[in-house]
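The structure appears below as structure tokens.
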Amino acid sequence: MFKILLYYKYVLIEDPEALKKSQRELCEWLGLKGRIIVASEGINGTVEGDESSTNEYMKVLSSDSRFADINFKIDEGTGEAFPKLSVKVRKEIVSAHLGDEDVKPWETTGKYLSAEELHKWVKEGKEFTIVDMRNNYEYKIGHFEGSVNMKLDNFRDLPKALSKIESLKDKTVVPICTGGVRCEKASGYLIKKGFKDVYQLHNGIVDYMKKYPNEAFKGKLYVFDKRIAVDFDEPGKHTVVGKCDVCSEPTERYVNCRNKECNAHFLICDICKAEKDVFCGEECRNTIMTKV
């Protein structure tokens, strides 16, 4: 039985290269595949392996005092979610590119809101706004009802998209993302920009979906591996919210634009995929066809 671990931890890392080396050695010893990013601000990873290997990985990582309280989100795997192991050192564990406005989440971050607490807020009709900090293509296939889509092409677009929620500075806002790593930094950034009452969904959308399938969050959750998107709904209770970018029919099929210079990720239904060349739009279609 295979398991997929999703985890992150913002914590000061004095020697990222040393951590990269030890992580690679550990994963190779355990036969794990996936992606791990190490930076001076922490670690962010998704790895897959058999149950005994993932259990041992969690045990070893948690034995490091820097990661003693790290939270692992655990999903069922297939053994084929990742083609290889990648362990890299980067400037950030998630690319925000905030420059002088960068946030250290261990110093400034939003108040944690559990899945149970968020669900209670929804049921009781509390006045608050969920702000989706994921990329636009992630939002399209699944999102919380009534949430604000920041329409980010990349997380680093957050500063220029902030105008979308300027009116919420004195309101209660809850930034959300897949597993928590983006909204942990985004919530701190909102606080720095003057937002007064900022929370964040602890452990991200994935935790909420597992506990409350097909309730306030509708559709599928985009994930960055070969699964593409997942849900935890009971058979017959799934709601499709994704729409074909060509004809607007319901769909949950993602493809990449045939124009390699674009390579945009978009939704397309089975009929349009069968009938048309796979381009995100006429500009890319014309670009390629003029070269043929």
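The values are calculated or read from the model by the stated rules, or taken from the named source; none is laboratory data. Computed from a predicted structure; not experimentally measured. Cβ: placed from backbone, ideal geometry, glycine included. Neighbour counts: every protein chain shown.
Residue-level check: of (1) under 19 Å from H97 (Cβ atoms); (2) surrounded by 18 or more Cβ atoms within 10 Å (Cβ to Cβ), S163 misses just (2). Could you tell me whether any residue of segment 35-51 is farther than 21 Å from H202 by Cβ and without any contact (Cβ under 8 Å) to a residue 12 or more places away in the chain? No, segment 35-51 contains no residue that is farther than 21 Å from H202 by Cβ and without any contact (Cβ under 8 Å) to a residue 12 or more places away in the chain.
Residue-level analysis places S53 outside the set of residues that are modelled with pLDDT of 95 or more, of a type in the set (G, A, S), farther than 22 Å from K192 by Cβ and out of contact with any helix residue (DSSP H, G or I) (no Cβ under 7 Å at 6 or more places or on another chain).
Let's see how each residue does on (1) assigned to a strand (DSSP E or B); (2) surrounded by fewer than 17 Cβ atoms within 10 Å (Cβ to Cβ):
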site	(1), (2)
Y137	no, no
L158	no, no
V174	yes, no
G179	no, no
K185	no, no
Q200	yes, no
P213	no, yes
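On the basis of being closer than 18 Å to D153 by Cα and more than 24 Å from the chain's Cα centre (by Cα), does F279 make the cut? Spelling it out, F279 is indeed closer than 18 Å to D153 by Cα and more than 24 Å from the chain's Cα centre (by Cα). Residues of segment 1-25 that are of a type in the set (F, W, Y) and surrounded by 19 or more Cβ atoms within 10 Å (Cβ to Cβ): Y7, Y8, Y10. The set of residues from segment 245-266 being farther than 13 Å from E283 by Cβ and in a loop (DSSP other than H, G, I, E, B) comprises D245, V246, C247, S248, E249, T251, E252, R253, K260, N263.
Scanning segment 171-211 for residues that are of a type in the set (S, T, Y) and touching a helix residue (DSSP H, G or I) at 6+ places or on another chain (Cβ under 8 Å), we see that the one that is nearest to K9 (Cα to Cα) is T178. Every test in (1) under 20 Å from Y7 (Cβ atoms); (2) charged (D, E, K, R); (3) in contact with a strand residue (DSSP E or B) (Cβ under 6 Å, 6 or more places away or on another chain); (4) in the same structural domain as Y222 (by TED's automatic domain parsing) is passed by D75 save one, and that test is (4).
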